[in-house]
1. Can we say residue 131 is in contact (Cβ under 8 Å) with a residue 60 or more places away in the chain and β-branched (Val, Ile, Thr)?
2. Name the single residue, out of those in the stretch 52-89 being charged (D, E, K, R) and within 19 Å of the chain's Cα centre (by Cα), that is farthest from residue 213 (Cα to Cα).
3. Output the residues belonging to the stretch 172-214 that are over 27 Å from residue 150 (Cα atoms) and outside any helix (DSSP H, G or I).
4. Check the stretch 114-121 and report whether any residue there is within 30 Å of residue 213 (Cα to Cα), among the hydrophobic types (A, V, I, L, M, F, W, C) and modelled with pLDDT of 95 or more.
5. Run residue 39 past the list (1) of a type outside the set (Gly, Ala, Ser); (2) surrounded by fewer than 18 Cβ atoms within 10 Å (Cβ to Cβ); (3) in the same structural domain as residue 188 (by TED's automatic domain parsing) and report the number of the one that doesn't hold.
6. Determine whether the stretch 80-95 contains at least one residue that is touching a strand residue (DSSP E or B) at 6+ places or on another chain (Cβ under 7 Å) and without any contact (Cβ under 8 Å) to a residue 60 or more places away in the chain.
7. For the stretch 100-125, which residues satisfy the criterion of being of a type outside the set (Val, Ile, Thr), part of a loop (DSSP other than H, G, I, E, B) and touching a residue at least 60 places away in the same chain (Cβ under 8 Å)?
8. Of the residues that make up the stretch 47-70, is at least one at pLDDT 95 or above, assigned to a helix (DSSP H, G or I), surrounded by fewer than 18 Cβ atoms within 10 Å (Cβ to Cβ) and of a type in the set (Phe, Trp, Tyr)?
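The values are calculated or read from the model by the stated rules, or taken from the named source; none is laboratory data. Everything numeric here is computed off the predicted structure, so don't read it as measured data. So basically every Cβ, Gly included, is an ideal-geometry build from the backbone, and we count neighbours across all protein chains shown.
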Amino acid sequence: MKKPYIIFDFDGTIANTNDVILASWQATYEHYLGYSLPVREIEATFGETLRHTIGEKIPDAPYEEVRDYYRAYQEAHCDGMVYVFDGVKELFDELRDRGYRIGVATSRTAYSFSNYVKDLGIDKCFDVVVTMEDVKEHKPHPESVNLVLEKFGASPEEAIMLGDTKYDIGCANNAGIDSVLVGWSHYVDEESMAADGFVPTYRIKRPEELLDLI
C-alpha cells in the first residue's frame, strides 16, 4: 500500500455540481451585471473562494449580498442537478475494502457539504472532512490538506489528492503530496495551471484508474 491516505476535493471531483454552479453564477451575473459570462470563463473560476470570484467579477456590489444571492439560488435549484460521478461510489467501496482511509478537503461550508453528501448517500464514506470553516487560508494554500494529514496522523509521502482545478493541484503541490488531476469533470486549462506553477503528478480519465497509482 504505497498511499494509504486518499484525499478528495468534493465539487467537480466526487460530485458533479458543475451544472448548478454554472447556473447559479449565470443567474448572479444576470442579476448584478445584466449579462451572463461565457461558460469557459466561469469554469476557470472553479475552485476559487466566493469572495475572490465576486471581488473580481462583481466588484461594485456588496460581497455579502452577492454571496447570499448566489447561495440562495444554488440551494433552491440543486434538486436533480447534482449527482456522484460514475464510478466514484464504486471507487470508495473498493478503497475501503482494501483498507485505505478517505479524506475530503473542500472549500464548501460544512452545512452545504453535509447536505449534499447526505442527499447523495455518501455521508458514511469519509474518515476525515475539512471544510472552509476549518481553515483560515484556502486552496491553493496547503492548510486544508495539512489539516487532513494532521487528523489522519499521516505524512505527506503517505497521501495523494484528487482534484479537478488548479487550486486543488496547487494545494497538493504546496502540501508536498502527490496530486491527481481528474478528467471526468470539465475542461481544465493546464497551460494556465502550469503558468501558476502547479503541475499534477498524475492525470486519470476514470475513477478506477486511481487504483493503479496507489
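1. Judged against the criteria, residue 131 is not a match.
2. Once the filter is applied, the top-ranked residue is 67.
3. 183, 184, 185, 186, 187, 188, 189, 205, 206
4. Taking every residue of the stretch 114-121 in turn, at least one turns out to be within 30 Å of residue 213 (Cα to Cα), among the hydrophobic types (A, V, I, L, M, F, W, C) and modelled with pLDDT of 95 or more.
5. The one condition residue 39 does not meet is (3).
6. For the stretch 80-95, residues touching a strand residue (DSSP E or B) at 6+ places or on another chain (Cβ under 7 Å) and without any contact (Cβ under 8 Å) to a residue 60 or more places away in the chain: present.
7. 100, 107, 108
8. Yes, the stretch 47-70 has at least one match.
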